[in-house]
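Peer 1: Please see the structure below; I have some questions.
The values are calculated or read from the model by the stated rules, or taken from the named source; none is laboratory data. Here the structure is a predicted model, which means the values were calculated and not measured. Virtual Cβ from ideal backbone geometry, glycine too; neighbours counted across all protein chains shown. Each accessible area value is taken on the protein alone, full model and side chains, heavy atoms only, with ligands, DNA and RNA left out. Shrake-Rupley method; radii C 1.70, N 1.55, O 1.52, S 1.80 Å.
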Amino acid sequence: MAKVSKKNSHKKKLMVSCGDPAISEGDQQLLYEDEEEEQGGMDRAEEETMSSEEDEGEDERKRQKLLEGIRSLGGKRKKALGERSEAAGQMSEFSVNPDGGPGKVQLSDLIGSLEKTPAVPAKSKKQLKNLQRSKKTIESPLSKQETERIQRDMAFQKAASEVSRWDGVITQNQRAEQLLFPLNRDPAGPRPVERLVVGWKARTPLEQEIFALLSANKQPLIDPILTPAEEASVKAMSLEEAKIRRAELQKARALQSYYEAKARRERKIKSKKYHKVQNKAKRKEFLKHFEEMVQMDPAVALQELNKMELARMQERMTLKHQNSSKWAKSKAIMAKYDEEARKAMQQQLEMNKELTQRLITPLNDDDDEEEEKEEAAADEADMLPDFVNDAVDGRDASNPWMKGKLSAEPAQQQLSDALTEAAQASVSEEEECQAGETEEEALLGEFNSRRKLHQAQESDAAGGVLPEEVTEDRAAAVESEASDSDDSCLLESPSISRGRENVLKETKATDHSERSALLEERLMRIRTVEDLELLPHEPSDEPSQPPTTKAPPSEEKHLGKRKKKGIELKEVLTKETKLIKVPFTPTVTDSEDPEAKIDQRGLIKEAFAGDDVISDFLKDKRRKEDEGKSKVIDLTLPGWGDWGGVGLKPPKRKRRRFRVKSAPPPPRKDQHLPSVIISEKRNTSVSLHQVHSLPFPFENHAQFESCIRSPLGRAWNTERTVKKVTKPRVVTQLGAIIDPMAEEELLKNNKKVVASS
Amino acid sequence: MKVKVLSRNPDDYVRETKHDIQRVPRNYDPSLHPFEVSREYTRALNATKLERVFAKPFLASLDGHRDGVNCLAKHPRSLSTLLSGSCDGEVKVWNLTKHECVRTLQAHEGFVRGMVVRYCGSSFFTIGDDKTIKHWKMEAPGYGEEEEPLNTILGKAVFTGLDHHQKSAVFATCGHQVDIWDEQRSTPIRSFTWGVDSFSSVRFNPVETELLGSCASDRSIVLYDMRESTPLKKVIMTMRTNTISWNPMEAYYFTCANEDYNLYTYDMRYLENPVKVHVDHVSAVLDVDYSPTGREFVSASFDKTIRIFPKDSASSREVYHTKRMQHVICVKWSADSKYILSGSDEMNIRLWKANAAEKLGVLSPREKQAIHYSQKLKEKFQHHPQIKRIARHRHLPKVIHHQRKELRVMKEARRRKCVSSFFFFFFLSPGSTEGRNDGNPPLPPFKGEVAIWAGAREKV
């Protein structure tokens, strides 16, 4: 039974209400017991005044209102919370008694009793103690939205990772040369006998008799093709696996035999030079290997290092490669006149340097490397005869001609050159400008790509410092161009470059549009083959873009201005190039040294001292022109209508008659352009059928051309090749339903991967 | 004296029986065949021309519905069976080989919103505007029997999409929320909501069968896992997506047909950016279906055309249209990947070839070889301008052609504007936001633009 405790203002009511549920239900307000005690004193005082005013038999509602009003007078407004508590008498010892208890139950109370009970494990006791000690409040649970979001994230991660297992299958299918659908086809070829036998039944009486006999004698009706042992072995190694294994073995054997033969051959070679080269290569290889070893296996590396150190010491002691040997001395004498000898000396010095140089490795913790280096340099400087400096160093980093790469320095050289020239000769300024420009442009244009490569290399080598330099160089190049050319050039150069950019953009845009559209949709309907011929050749549907190229007009302007100045291009071109004296560079140059860069151009000039590019070009052009000219064709046949034989010539009349002069070709396009050769071989009627830009999957022209050149048809290929080449990419079976990919494919793929690895 | 005599062994050139193939001696030395490239080029050109001449994709039209065809369903076990539901609540079962309707039933009052055949092919489900899900037997009722569904479930709201699980007796519907139903129960076993009130379509992933995707009216695509209690992920697009279709061969790719005239292919693991945007339609794309080989998909559009896209190409390989075909509402690719079926507004279902110039029926081996050879030739010389121009040519109705042109001009102008005044484009007013029926189609929005789009389009 529930006992309802009530406010004690109406004592008689309280007495009645004891154990009476009917009244307790009518009473709405339920209060805490302790609350009651708190307010008790004050209430009582107020009630007496109230009872004098009010009569008995007031309705409940009014009374409550009043009570509330009174309570509000007290200042702090307590929330009227009700509690349904249990009768104290019927409480069990385990539950908390609200009546006489001290109020809240603390955790410590519980733990106190916990200590006494032996049934609780020590671990949980400890945990509880810890809990008691730590006064931290537990974090409130996350809001519903946040928990949901976390749940979603987790679920998505799971699903994504699950789906990713299809990666292998999908990429394999994308790469596959041929896809067969439906995927779960029965394998072609004869079925195993067992499967055929299953569906077979004895029909004729003879068969039945035989089967009866067999079954009576307990003979196996279906004789197994393979014994269990055989099956196991088949399972252990499938045919494919065996094939792969055999192929591997074969390959290994072949490689071994090749290697042996090669070693034998090499051993027999007597050439010293060959072995020298070989040794050098080995050394290089070793060095490369060594670096890896340093990281992988420091102990072994240290040993190797010691060996190397020993070799170095020996080298230094013997002075083998220094210029003190007899051979070196003789060469030193010859070197003044002989290029070869000079080179040989250089090489030797290089070798010496290489051998005497201490290796810089992380293992080597000597800090006197710099000293060593300086020493070596000093040594070299001592050893080097003066005349060696005259020549061009073979391994000079700043020399583009020996490397086959042009660095960015020429631009600076041009600048300095231009400056010096401007100072020197003001009379020949214009000529110089023209000549310099053409020359430089030709050179720069030719080696543009190489320079870029080189720049990339440099930047790679020097890290983040160099890019600034490069930009500086570029700026310098622009400046040099500006200073090289006169004012008009200066004004027009930006416009030209802009024009070029535009052109580039345009081509890109057109390319893109061409590539993106698969279909050319028009209003015309094709019904016959003749209609096909009528299709417009150019994709007219494309929005005609206004021509944005500004390069040609500006160039024309350029030319026009030049003409105004009255300089005949031909004259300029045929004039001899002016030789410029440039101090020779020292052989050993530091590429970091800015002063060394200045003399780059001198090097170039020197390298091309013998070549006369311009006259070569003019000759070339003349030859082309001559080729195009009309020729006289002699059609006389000796002995035709006349006597013929040794020593007899056809008569003059006949010769004159049968010598035909072909019509002169149309004038060449480059007739008035002295510095240009325009090939006349290009046939516009053919170009209509030719591919103009490299199609997408191909990387270079050679690839595409070779693809086009290889025929597919059976007139040029064997039957097997044709079959292989014309294999369709997707094969579907007629009338077969293609089901979506199933989990089995995953397993199949895994098997394949395992087999191939 | 030695006499040399010409001698030939007849075994080398005489065949044993007349049924043997005549031996043709050949020398494959390339120096003896200087014109091989030009000869093959000519063959390729001819093959291309013939392909265009023989490109007749339209096979048949199935008529019989008395209202627009609203949904189609393939039979998973029979190629010749097709189900179609119309806007008047009628469902028809068709025999495609005979081009005839074999069964008609009045399934719902109002639209048949969705239809799907059970994976075993013995029964099918329909949903309609009358808030019911009905389960029907595939066989027609016997003589004298009444046409009655096996089971009817009355839902609380209208269902708009339906799909069946690939392997188990579970199906999914969408409407107010996405529900997963067990066939044996009349209440959903699971419901997914994520702050939106209406979904337009739901599709199970055919490969990873527990996953499903749906598109909602708040322009979002939401992915679910049947085993989880919450949705997985959501991507919100610029305009509303009408349908999605999963690639049946590549588990994590799906393509969605969007109101902004484009189709988007997504990798479900990386929803930030679509893998490919497929353009070419000039009006809202209403339906999309993958070929069972997973290499191409077909899309149906409000612009009265069907287009076929290779799965990794931005533009379509083929466009189908006829004079009488109106807005195409639903499209399906047949299970043998040879045919395409489209249902349109003007009550017809059309049967198309998937490859327009393909020869149908059984081919002799020589024919097959010739076809493969010419196919390879076309592929080899596809970049040559003459061949390209013929292979790419398609006839397009005037209206669509002009619309395309207009769109292109708009796009170009927009691009120019964007490039020239990149910083001011937030002040530019967006394109027309009217419906697409006024002949002035809205511009497909581009990235970063702030615009309000009237996305909703009333179906019919």
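Peer 1: What is the calculated FRET efficiency for A:K727 to A:E530, with r their C-beta to C-beta distance and R₀ = 51 Å, to the nearest 0.05? Kindly include the intermediate steps, with their values, before the conclusion.
Peer 2: Working: r = 34 Å, r/R0 = 0.67.
That gives a FRET efficiency of 0.90.
Peer 1: Which distance in nm do the two modelled labels at B:T97 and B:R77 give, with both placed 7 Å along the Cα-to-Cβ direction?
Peer 2: Modelled inter-label distance: 1.7 nm.
Peer 1: Still on this model: Enter the buried accessible area of the B/A pair, total of both sides, probe 1.4 Å, in Å² rounded to the nearest 100. Before the final figure, lay out the partial values.
Peer 2: Numbers: alone 25500 and 60900 Å², together 78940 Å².
Buried: approximately 7500 Å² between A and B.
Peer 1: Right, here's the next one. To the nearest 10 Å², what's B:M249's accessible area with a 1.4 Å probe?
Peer 2: B:M249 exposes around 10 Å² with every protein chain in place.
Peer 1: Give me the inter-chain shielding for B:360-371: mean count of other chain Cβ atoms within 10 Å, whole number please. Write down the numbers at each step before the final one.
Peer 2: Values: counts 1, 1, 2, 1, 0, 0, 0, 0, 1, 4, 1, 2.
Mean inter-chain Cβ contacts per residue within 10 Å come to 1.
Peer 1: Another question about this same structure. Could you grab the relative contact order for segment B:58-361? Cα pairs under 8 Å, six or more apart, rounded to a whole percent. Walk me through the numbers before you get to the answer.
Peer 2: Working: 895 pairs, mean separation 39.8, N = 304.
Relative contact order for segment B:58-361 comes out at 13 percent.
Peer 1: With θ taken as phi - 60° and the coefficients 6.51, -1.76 and 1.60, list the Karplus ³J(HN,Hα) couplings across segment B:346-355 in order, rounded to whole Hz; mark glycine and proline as x.
Peer 2: 8, 6, 10, 10, 10, 10, 10, 7, 6, 10
Peer 1: Would you grab the residues whose amide H sits under 5 Å from the one on B:A55? Only those 5+ places off in sequence or on another chain, please, with H modelled 1.01 Å from N.
Peer 2: none
Peer 1: Whole-Hz Karplus ³J(HN,Hα) for segment B:15-23, in order, using 6.51 cos²θ - 1.76 cosθ + 1.60 and θ = phi - 60°, x for Gly and Pro?
Peer 2: 7, 6, 10, 6, 7, 5, 6, 4, 6
Peer 1: Next question. Less than 13 Å Cβ to Cβ from A:A242, Lys/Arg counted +1 and Asp/Glu -1: what total charge do the surrounding residues give?
Peer 2: Numbers: positive: A:K235, A:K243, A:R245, A:R246; negative: A:E240, A:E241, A:E248.
Here the count lands on +1.
Peer 1: So, one more: Which links in B:K304/B:K338; A:K748/B:K311; A:K288/A:K752; A:K268/A:K336; A:K727/A:K751 stretch past 27 Å when you go from one Cα to the other? Walk me through the numbers on the way to the answer.
Peer 2: Numbers: B:K304/B:K338 22 Å; A:K748/B:K311 25 Å; A:K288/A:K752 37 Å; A:K268/A:K336 38 Å; A:K727/A:K751 25 Å.
Distance filter (> 27 Å) returns A:K288/A:K752; A:K268/A:K336.
Peer 1: Next up: Taking the Kirkwood radius as the inverse of the mean 1/r across Cα pairs, report the Rg/Rh of segment A:297-356. Can you show the working numbers first?
Peer 2: Working: Rg = 15.4 Å, Rh = 12.9 Å.
We get a ratio of 1.19 for segment A:297-356.
Peer 1: Let me ask another. Compute the long axis of helix B:36-53 from its Cα atoms, compare it with the longest principal axis of the Cα atoms of chain B, and write down the angle in degrees, 0 to 90, nearest 10.
Peer 2: So the helix axis and the longest Cα principal axis differ by about 40 degrees.
Peer 1: A follow-up question, please. Could you give the longest part of chain B that holds none of the GluC sites (Glu not before Pro) found in DSSP loops with at most 10 neighbouring Cβ atoms within 10 Å? All intermediate terms of the calculation are to be shown ahead of the outcome.
Peer 2: Values: sites that count: B:E16, B:E139, B:E145, B:E146, B:E272, B:E458.
With a cap of 10 other Cβ atoms within 10 Å, the longest stretch comes to B:273-457.
Peer 1: Something else about it: Just round it to a whole percent: the fraction of Cα-Cα distances in segment B:58-361 exceeding 25 Å. Numbers along the way, then the final one.
Peer 2: On the way: 20182 of 46056 pairs.
Summing the P(r) tail past 25 Å for segment B:58-361 gives 44 percent.
Peer 1: If we count every other residue with Cβ under 11 angstrom of B:V279's Cβ, Lys/Arg +1 and Asp/Glu -1, where does the sum land? Numbers along the way, then the final one.
Peer 2: Numbers: positive: B:K276, B:R307, B:R404, B:R408, B:K411; negative: B:D260, B:D280.
Here the count lands on +3.
Peer 1: Here's a follow-up. What list of ³J(HN,Hα) values in whole Hz, one per residue of segment A:335-344 in order, does the Karplus curve 6.51 cos²θ - 1.76 cosθ + 1.60 (θ = phi - 60°) give from phi, with Gly and Pro shown as x?
Peer 2: Going residue by residue, I get 4, 4, 10, 10, 5, 4, 5, 4, 4, 4 Hz, with x marking Gly and Pro.
Peer 1: Another one. Relative contact order for segment A:297-356 using alpha-carbon pairs under 8 Å, separation at least 6, rounded to a whole percent? Could you put the intermediate results ahead of the total?
Peer 2: Working: 31 pairs, mean separation 21.9, N = 60.
It rounds to 36 percent for segment A:297-356.
Peer 1: Tally Lys and Arg at +1 and Asp and Glu at -1 over the other residues with C-beta under 15 Å from the C-beta of B:F171: what net charge comes out? Don't skip to the end; give the middle numbers.
Peer 2: On the way: positive: B:R113, B:R118, B:K134, B:K167, B:R185, B:R190, B:R203; negative: B:D163, B:D179, B:D182, B:E183, B:E210.
Result for the local shell: +2.
Peer 1: Near the amide H of B:E296, under 5 Å away, which other amide H atoms are found, from residues 5 or more places off or on another chain, if H is placed in the peptide plane?
Peer 2: Answer set, sorted by chain and number: B:S291, B:K311.
Peer 1: What distance in nm separates the two pseudo spin-label positions at A:N700 and A:L287, each 7 Å out from Cα along the beta-carbon direction?
Peer 2: Here the modelled spin labels are 2.9 nm apart.
Peer 1: Would you work out what percent of the accessible area of segment A:297-356, with all protein chains in place, is carbon or sulfur (probe 1.4 Å)?
Peer 2: Details: 2380 of 4080 Å².
With neighbouring chains kept in place, the figure for segment A:297-356 is 58 percent.
Peer 1: Something else: Label 7 Å along Cα→Cβ of B:A55; segment B:319-337 residues with amide nitrogen under 13 Å?
Peer 2: B:319-321
Peer 1: Rounded to the nearest percent, how much of the accessible area of segment B:58-361 (1.4 Å probe, protein heavy atoms only) is carbon and sulfur?
Peer 2: Numbers: 4800 of 10360 Å².
Of all accessible area on segment B:58-361, carbon and sulfur atoms account for 46 percent.
Peer 1: With a 1.4 Å probe and every protein chain left in place, work out the accessible area per residue of segment A:297-356 in Å², rounded to a whole number. Working shown, then result.
Peer 2: Details: 4080 Å² over 60 residues.
Result: 68 Å² per residue.
Peer 1: Could I ask something else about it? What residues qualify as long-range amide H neighbours of B:V275, i.e. H under 5 Å apart, gap of 5 or more or another chain, H built at 1.01 Å from N?
Peer 2: B:T265, B:Y266, B:D267
Peer 1: So what's the back-of-envelope 222 nm ellipticity for chain B, counting only DSSP H runs of four-plus at -39500 (n - 2.57) apiece and dividing by all residues, rounded to 500? Intermediate results must be reported in sequence, preceding the final value.
Peer 2: Values: 4 runs with 65 residues, N = 460.
That calculation yields -4500 deg cm²/dmol at 222 nm.
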